[in-house]
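The values are calculated or read from the model by the stated rules, or taken from the named source; none is laboratory data. If you're wondering where the values come from, they're calculated on a predicted model, not measured in any experiment. Methodologically, a virtual Cβ is constructed for each residue, glycine included, from the backbone with ideal geometry; neighbour enumeration extends over all protein chains shown.
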Amino acid sequence: MSGAPAGGAPEDPLRPDRLPFDRRFTPSGAYAQLRSAAEANPEEFWAAVSRRELFWSRPFTTTLGGTPPEYRWFEGGELNAAVNCVERHLAGSSAHRVAYYWEGEDGARRTLSYADLGREVRTLASSLAEQGFGPEDRAALYLPMVPELPVAMLALAYLGIPFTVVFSGFASEALAHRIQDLGARLLFTADGGYRRGRVVPLKEIADRAVAQCPRVDTVVVVRRTHLEVPTSSVRERDWGELLARHAPRVPAREVSSEHPLFLLYSSGTTGLPKGIIHGTGGYLTQVAATTRWVFDPGPNDVLWCAADIGWVTGHSYIVFGPLALGATSVLYEGALDHPSPHRFYEILERYGVTELYTSPTALRSLRRHGDEPARSHRLGRLRLLGSVGEPINPSVWEWYFRVIGQGRCPIVDTWWQTETGGILVSPAPSLDGRPLKPGSATLPLPGIDVAVFREDGRPAAVGERGFAVVRRPWPGMLLGLWDDPERYRSAYWGRFPGVYYTGDYAVQDSDGYLWFLGRADEVLKVAGHRLGTAEIESALLQHPAVAEAAVCSEPDPVKGSRPFAVVVLKPGIEAGPGLAEELASGVGERVGKFARPERVLFVAMLPRTRSGKIMRRVVQAVVLQGDSVGDVSTLEDEASVEEVRQGVARLAAELAAARSSRSS
C-alpha cells in the first residue's frame with residue numbers, strides 16, 4: 001500500500017522535509033509519547049485506548065488473553081458495535097450531525113444525520129428480530145454503495161448477527177460460495193445498482209446464487225433502480241416495508257469482545273477464498289484509534305474514503321471507524337470518473353471534503369485526464385490526502401500533492417491488510433511533524449511493531465529487502481479463518497514462529513521509514529536478484545507517456561525469468577518500437593539493467609477488478625500461456641484479458657520471426 005525506492009534508495013523529488021503544509025494540523029508531539037507508552041506496557045496502552053474510544057457495557061477484565069497465535073483481546077468485556085457507532089451519538093446536538101452525504105451515480109442524493117441513521121438501524125433490527133433472527137444466525141449482504149448497506153450492517157451488529165459483505169461486482173458463483181461457506185440464512189440485495197451509466201442486475205445475480213444455497217430462507221430487497229425483477233422461491237421482504245413496520249423495539253444485543261462482527265473473504269491465485277474473521281472489541285478499538293490518529297476528523301470536517309464497502313477499507317474507514325468517532329463521511333455509488341472526470345472533483349467541492357482517502361489506481365486513472373478537471377474546481381477545504389490499497393509511485397504521489405492537494409496537504413500513505421483490520425503503518429500529521437517521503441508509509445503507528453525479516457528470520461539490514469512482519473499482537477488482528485484454524489496458523493504464523501507473516505516485501509531505510517514493495521507473490525527473481533513488481537512499475541510510471549503499468553515475469557533460458565511489462569499510454573500518445581525501447585531503457589537506468597524488460601506490450605486497458613485493482617496474476621497467467629487465469633469473478637471487463645492474450649501472441653510471433661531471420 002505504499003511505494004518502493006529504486007535500488008533501495010528512497011526517491012525524493014520534492015524535498016519532503018520542506019513541504020509547505022498550510023494546514024490546520026497542529027503536531028502535538030504525541031506520537032513519541034504514545035509510542036513510548038506502548039513500548040513500556042503494550043497491554044496497558046491498548047486498554048487505555050479502548051476505554052477512551054469505546055463504550056463498554058461490561059468492562060473487560062483481561063486486555064490480552066488466549067494462546068498464541070489465537071490471541072483474544074479485551075476478554076470479559078461486553079459491548080455492541082451499533083451502540084458505539086450510532087446510539088451513543090444520539091444525545092444532545094450530536095444527533096443532528098450529518099453521518100453520511102450520499103450521492104448516486106444517477107445524481108440521486110440523500111443526507112442522513114445520526115438521528116436518521118439511528119432510527120433506520122433500530123427499526124430494521126426490530127423487524128428482523130420479530131422474524132426470529134438473532135446472534136445464532138449469519139447474514140450476507142450483496143448491495144451497491146447505497147445508505148441501506150451501512151444501515152443493514154449496523155442493524156445486524158445491533159442484534160449480534162455476524163455478517164459478510166460481498167462486493168457487488170462478484171458474480172453468482174462467487175456469491176454462492178461465500179453464502180454457503182458462512183451458512184447464511186439471510187441475504188440483503190437490491191434490484192440493481194448503477195455502474196458507468198448502466199444498471200447492474202444484482203437481484204438477478206443473487207437469485208442464481210440463492211438457488212445454490214438451500215440454507216437461505218429470507219431475502220431482503222432494496223428498491224434502488226426500480227428495475228422489474230422476478231420473485232424467487234425463497235421468502236422475500238421489501239426493504240421499505242420492513243422500515244415501515246412498527247415491530248416492538250428490541251434492545252441492542254451486548255456481545256463479548258471476541259464475538260465475530262463480520263467476515264471478509266479474501267481470494268488468491270489458488271485455493272478457495274478464505275473467510276477472515278474480525279471480532280468486535282479489538283477491531284472497533286483499532287479502527288476508532290487509527291481514524292483519530294491518521295485522519296483526525298473534527299466536528300466540521302468531511303471524510304471521503306473513496307472505496308467500496310465490499311472491501312475492508314470501506315468497512316473500517318467508511319462505516320465503523322468514522323461512525324465510532326461521530327464523524328461525517330461521503331458515500332458515493334458508481335465510477336469516480338463517470339460521466340466525466342469532473343465528477344470526482346464535483347463531489348469534493350459539493351460536500352466540502354476535508355480528508356480524502358483513495359487508491360493509487362484511482363489516482364492514476366484521474367491523472368490520465370490531466371490537471372484541468374482539478375484546476376476547475378474549488379478544493380480549498382481539503383487538508384489531508386490519503387492513499388490505500390497498493391504501493392503508490394513517487395510520481396503519482398507528487399501529482400496527488402501538487403494538483404489535488406494544491407501543494408499544501410500532507411499525504412498519509414497507509415499500509416495495512418484485510419487481516420489487520422485497520423492501518424498499521426502511516427504518517428500521523430496530527431500527532432507529529434515527521435518529514436514525508438513520497439512512496440514511503442513512514443513509521444508504524446503507536447502500539448504497532450512492524451519489522452523486516454530475512455528468509456532465515458533474522459532482521460534485515462538497512463536497505464535490504466525482506467519480509468514485512470508484525471512482531472507483537474494488535475487489537476484489530478483477525479480472530480482466525482472461518483472453519484479453518486489450521487490454515488490460519490500455517491498461513492500467517494508458520495513461516496516465522498510467534499511472528500505474524502504479512503506476505504509483503506518491504507525495505508527499511510536509514511531513518512527507519514518503511515517502503516512496501518508489494519506482495520511476495522508479485523516478486524520477480526531475475527538472475528538471482530529479487531525485484532518487487534512495484535519497483536519496475538514505478539520506473540515505468542516516471543515516463544511522461546505512461547498512464548498505467550503492470551509487470552509480471554516470463555521465462556528466460558539464462559536468467560530463469562525476466563520482467564514483462566504491459567503498459568497503458570496517456571491519451572494522444574502513439575505506441576511503437578521506439579517508445580518500447582525508451583521505456584525499457586528507463587527501467588534499466590532507474591532500477592538496474594537486470595530489471596530491464598525485454599518486451600513491452602501496449603494495451604488500451606489492464607485487467608482489473610471492479611473496485612479498480614489491477615489483476616496482475618491474470619496478466620501473469622496469460623503471459624505464461626496457461627489454460628486458466630484463475631478466479632475472474634471480480635474482473636471488470638473480460639475484453640482486457642483477451643487484448644493482453646492477443647498482444648502476447650503477437651509479440652511472440654514477432655520475436656520468433658526476428659530470431660528466424662537472424663539465424664538464416
Restricting attention to the stretch 492-522, the residues that are of a type in the set (K, R) and part of a loop (DSSP other than H, G, I, E, B) number exactly 1
Wholly inside the stretch 391-476, strands (runs of 3 or more DSSP E) that include 2 or more residues that are free of Cβ contacts under 8 Å to residues at least 40 places away in the same chain and either in contact with a strand residue (DSSP E or B) (Cβ under 9 Å, 6 or more places away or on another chain) or farther than 30 Å from S365 by Cβ (or both) are none
When (1) touching a residue at least 40 places away in the same chain (Cβ under 8 Å); (2) within 30 Å of R368 (Cβ to Cβ); (3) over 24 Å from the mean Cα position of the chain (by Cα) are applied to P544, the one that fails is (1)
When the stretch 492-520 is checked residue by residue, the ones that are farther than 13 Å from V469 by Cα and surrounded by fewer than 15 Cβ atoms within 10 Å (Cβ to Cβ) are S510, D511, G512
Taking the stretch 385-396 and keeping residues at pLDDT 95 or above and not polar (S, T, N, Q) leaves L385, G386
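Yes or no, residue by residue, for (1) crowded, with 17+ Cβ neighbours inside 10 Å; (2) in a strand (DSSP E or B):
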position	(1), (2)
S490	no, no
L524	yes, yes
A534	yes, no
A539	yes, no
A549	yes, yes
For helices (runs of 4 or more DSSP H) lying entirely in the stretch 328-384, having 2 or more residues that are at pLDDT 95 or above picks out 342-350, 372-375
Among the residues of the stretch 27-50, the number that are farther than 19 Å from G65 by Cβ and of a type in the set (F, W, Y) is 1
(message) With the structure loaded, tell me whether I161 is without any contact (Cβ under 8 Å) to a residue 60 or more places away in the chain and in a helix (DSSP H, G or I) or whether it fails that test.
(response) no
- prompt: Would a scan of the stretch 181-192 turn up a residue that is more than 29 Å from T291 (Cα to Cα), among the small types (G, A, S), part of a strand (DSSP E or B) and not assigned by TED's automatic domain parsing to the domain that holds R52?
  reply: yes
When the stretch 96-108 is checked residue by residue, the ones that are surrounded by fewer than 18 Cβ atoms within 10 Å (Cβ to Cβ) and in contact with a helix residue (DSSP H, G or I) (Cβ under 9 Å, 6 or more places away or on another chain) are H96, R97, V98
Note: among P322, P299, just one is over 22 Å from T63 (Cα atoms), in a helix (DSSP H, G or I), in the same structural domain as L424 (by TED's automatic domain parsing) and not small (G, A, S), namely P322
Of the residues in the stretch 200-235, those that are modelled with pLDDT of 95 or more and part of a strand (DSSP E or B) come to T218, V219, V220, V221, V222
Subset of the stretch 182-207, residues closer than 25 Å to Y283 by Cβ and out of contact with any strand residue (DSSP E or B) (no Cβ under 6 Å at 6 or more places or on another chain), comes to G183, R185
